[in-house]
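Everything below concerns the one structure shown next.
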Amino acid sequence: MLNPVTPEFESKLRGLLPAAAFKEDSAPYLSEPRGRWAGQGFVVAPGSTDEVASVVRTCADAQVPIVPYSGGTGLVGGQLAGDGPIPVVLSLERMNRIRDIYPSENVLVCDAGVILADVHKAAEDAGRLFPLSLASEGSARIGGLLSTNAGGVNVLRYGNARAQCLGLEVVRPDGTIWHGLTRLRKDNTGYDLRNLMIGAEGTLGIITAAALKLAPRPVGVGAAMMAVASPAAALDLLAMAGDQIGEGVSAFEIMHRAGFDFLDEVGPDYKQPFDEVPEWTVLIDVGLPAGLHPEEALEGLFSSAFEAGLVTDGAVAQNVAQRDAFWHIRESIPEANRRIGSVSSHDISLPLSAIPAFIERGKQALAEVGAFRINCFGHLGDGNLHYNVFPMPGKNRAAYEAERPEVKRVVHDLVHAMDGSVSAEHGIGRLKIKDLETYGDPAKLAMLRAIKDALDPLGIMNPGAVLRETG
């Protein structure tokens, strides 16, 4: 049985940590970006791994729950506990040090509280690239990104967060420390504990440091936006890009006209690259080695695709400013979505060849529920769509609360029927526990529960996230 933070327990923690570890204003730690969840808790921010271990040991002794808190950018409620005993909210923000960088090894070692943008800067200063990239990189922290196995725009080329990590330092639920901060690329000594912790959303331990894989910086980078006839044509264009440019394709994003309509309606401001907004647009980003020219590669791709009837219009960035302007459009769509306010948002993945049929069948299935606007966009290159359902013009999401569960069920049922996943890159958190129970393989769920019970027998680590609490 878990116990709440009490004044006596709070006093004990204050005796263990310096004054800087305690936050007078806990409000920022008890809310999330979409405004659908509210949390509770006593916030502490240890400044070292030893201090984290001390807090966890104290919580384990008293059976007080812990909710790890990283950058607060999660969209599935994993960083918030809205009910149950008042937990310790353990923030990693004071653990923000780049520990070491090894350019010749392509490795950077850092605390888990380092902001992603700061890792990018440290890698750039060393002449290297850390390729994990997403819209929240100015506030998302490494520990949370690894704990949710974050994706982003460069998964097509570099893989998700799991693929970009070599080793971890983790405080276990009993307060002991696993010193797994290896820089090795080959180590077959038993179970892969690193990949067990990555994606566990703080339910098996607290990541306190990571050894991250860096990559050579491409000498030439470029981008193009191309109007495609359909999602099927976009997939053919993706295959053509792979044939012509190979691994130089870093990102391949698809955007529906609705995203541009939302930007026109509520902002942010952007520069329209086409005379007439297409029904479907792709954004292609490339990074090439010395001797190859991205503008020529993209112009050649456009010519081949136009001749094949895959694209009807296009614009190739001729400089960094134009490339940035293209990416500004893609990165502004989530903000426009937030301003409109979705009825239901879905982070899904599908086999690539199933995507065109899903988009058409999804539209038909939702029409049977009611009248909605659908903004479908995302990482087509790795099969991850953000399939979001919005109110009709003149209405807000509050008017659709009764339909929201049915919208979500219709979308997720279809994803599952087409061999997809209802959580591509955002995780399970607390929002999708029922989805995991509904669509998850029973054997998988049993193994997840056995792992949780074995590593966290007291159930203090982020209780109610990923797996439903028992007892």
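The values are calculated or read from the model by the stated rules, or taken from the named source; none is laboratory data. Quick caveat, the model's predicted, so the values are computed rather than measured. When we count neighbours, we look across all protein chains shown, and the Cβ atoms used for this are built from the backbone with ideal geometry, even at glycine. These area figures cover heavy atoms from the full protein model, side chains too; ligands, DNA and RNA do not enter into them. Shrake-Rupley method; radii C 1.70, N 1.55, O 1.52, S 1.80 Å.
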Hey, among the residues in the range 306-328 that are hydrophobic (A, V, I, L, M, F, W, C) and in contact with a Gly (Cβ under 8 Å, 6 or more places away or on another chain), which one's least open to solvent (accessible area, probe 1.4 Å)?
Ala317
Within the range 162-190, track down each residue that is assigned to a loop (DSSP other than H, G, I, E, B) and either polar (S, T, N, Q) or under 25 Å from the mean Cα position of the chain (by Cα) (or both).
Arg172, Pro173, Thr176, Leu181, Thr182, Arg183, Arg185, Asn188, Thr189
Do you know which of the residues in the range 348-390 that are in contact with a strand residue (DSSP E or B) (Cβ under 8 Å, 6 or more places away or on another chain), aliphatic (A, V, I, L, M) and open to solvent by 10 Å² or more (accessible area, probe 1.4 Å) is farthest from Glu279 (Cα to Cα)?
Leu350
Which listed residue is surrounded by 23 or more Cβ atoms within 10 Å (Cβ to Cβ) and within 24 Å of Leu204 (Cα to Cα), from Gly47, Gly72, Gly82, Gly78
Gly78
Kindly provide the set of residues from the range 311-337 that are over 14 Å from Phe260 (Cα atoms) and either among the charged types (D, E, K, R) or touching a strand residue (DSSP E or B) at 6+ places or on another chain (Cβ under 6 Å) (or both), ordered by number.
Val311, Thr312, Asp313, Gly314, Ala315, Val316, Ala317, Arg323, Asp324
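Criterion first (within 30 Å of Ala81 (Cα to Cα), under 15 Å from the mean Cα position of the chain (by Cα) and assigned to a loop (DSSP other than H, G, I, E, B)) does Gly378 satisfy it?
On the way: within 30 Å of Ala81 (Cα to Cα): yes; under 15 Å from the mean Cα position of the chain (by Cα): yes; assigned to a loop (DSSP other than H, G, I, E, B): no.
Taking the combined requirement at face value, the residue does not satisfy it.
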For the range 441-470, pairs from a residue that is farther than 14 Å from Gly199 by Cβ to a residue that is basic (Lys, Arg), with Cβ under 6 Å and 6 or more apart or across chains, are Gly464/Arg430
Among the residues of the range 112-120, is there at least one that is surrounded by fewer than 18 Cβ atoms within 10 Å (Cβ to Cβ), closer than 20 Å to Ile198 by Cα and touching a helix residue (DSSP H, G or I) at 6+ places or on another chain (Cβ under 6 Å)?
no
The one condition Gly394 fails out of (1) open to solvent by less than 60 Å² (accessible area, probe 1.4 Å); (2) at pLDDT below 95; (3) farther than 30 Å from Pro4 by Cα is (1)
When the range 40-63 is checked residue by residue, the ones that are assigned to a loop (DSSP other than H, G, I, E, B), over 21 Å from Leu145 (Cβ atoms) and touching a strand residue (DSSP E or B) at 6+ places or on another chain (Cβ under 6 Å) are Gly41
Residues (outside any loop (DSSP other than H, G, I, E, B) and surrounded by fewer than 21 Cβ atoms within 10 Å (Cβ to Cβ)) located in the range 415-431
His416, Ala417, Ser421
Out of the residues in the range 191-229 that are open to solvent by 60 Å² or more (accessible area, probe 1.4 Å) and assigned to a loop (DSSP other than H, G, I, E, B), which is nearest to Thr312 (Cα to Cα)?
Ala229
